[in-house]
Amino acid sequence: MAIQLNTQTAQQQKAPFSAFDTTSSYRSGLTAVSQGLDKVAQAASNIQTGRNQQKEKAQDLLAYKADQEYSADLKIRSDEYTAAITKGDPDGIAEARENFNQLKGRTLDSYSPGLSPGNESAQRYAARNQAVYKAASASFGTQENSRVIFGETTSYLEEQRTAATKAVVDNPYGLDEISLH
């Protein structure tokens, strides 16, 4: 018995619309894994960003603290230098100058050891402190010079006053023009 085969090709039919439904709620398990990994990566990035911000704030605080300590140290040493100049004691002036000059090479990290020199706040404070130090140093140089000039002028005037008084005392009847030379 022979089987009869149909040799005609069946016509292709359109796929039903539901095969292309984009509103389907079916998700592959790999999609969920991928989304989870994205969330973990984002959380890690947020944590690192937070740490960097926290480190920057901590460095800013250390720079501020170091700046305040440097400023206080500068004021104390400046006041001592000014007092020594006012007093006029050469040894005291030399000692105060030496103490003041020790600030010239001092950096902010010597006041706050954990401070990173690359911190922007530290660099700003250091630049300002250098300018303040230079201005104070120039001022002290001027004060010392003024003190010398004042001292020498006062000494000269005192010598002249003493000589004039002696001349009057030694010559109660007056001085002639020849004895003035």
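Heavy-atom surface analysis with a 1.4 Å probe gives region 54-181 a carbon and sulfur content of 57 percent of its accessible area. Taking Cβ atoms as reference points and 13 Å as the exclusive limit, the residues near SER112 contribute a net charge of -3, counting Lys and Arg as +1 and Asp and Glu as -1. What region 64-169 shows is 66 Å² of accessible area per residue, with the surface traced by a 1.4 Å probe over protein heavy atoms. Measuring how big region 48-181 is from its alpha-carbon positions, Rg and Dmax come out at 26.3, 98 Å.
Using a Cα distance threshold of under 22 Å, what count of lysine pairs results for region 64-181 when pairs must be 8 or more residues apart or interchain? Lysine pair count for region 64-181: 7.
Exposure check, 1.4 Å probe, all protein chains in place: ARG51 carries approximately 150 Å² of accessible surface.
The values are calculated or read from the model by the stated rules, or taken from the named source; none is laboratory data. Small disclaimer: the values here were computed from a predicted structure and weren't measured. Positions of Cβ are backbone-derived with ideal geometry, glycine not excepted, and every protein chain shown enters the neighbour counts. Ligands, DNA and RNA are stripped out before the accessible areas are found, and what is left, the full protein with its side chains, is counted by its heavy atoms. Shrake-Rupley method; radii C 1.70, N 1.55, O 1.52, S 1.80 Å.
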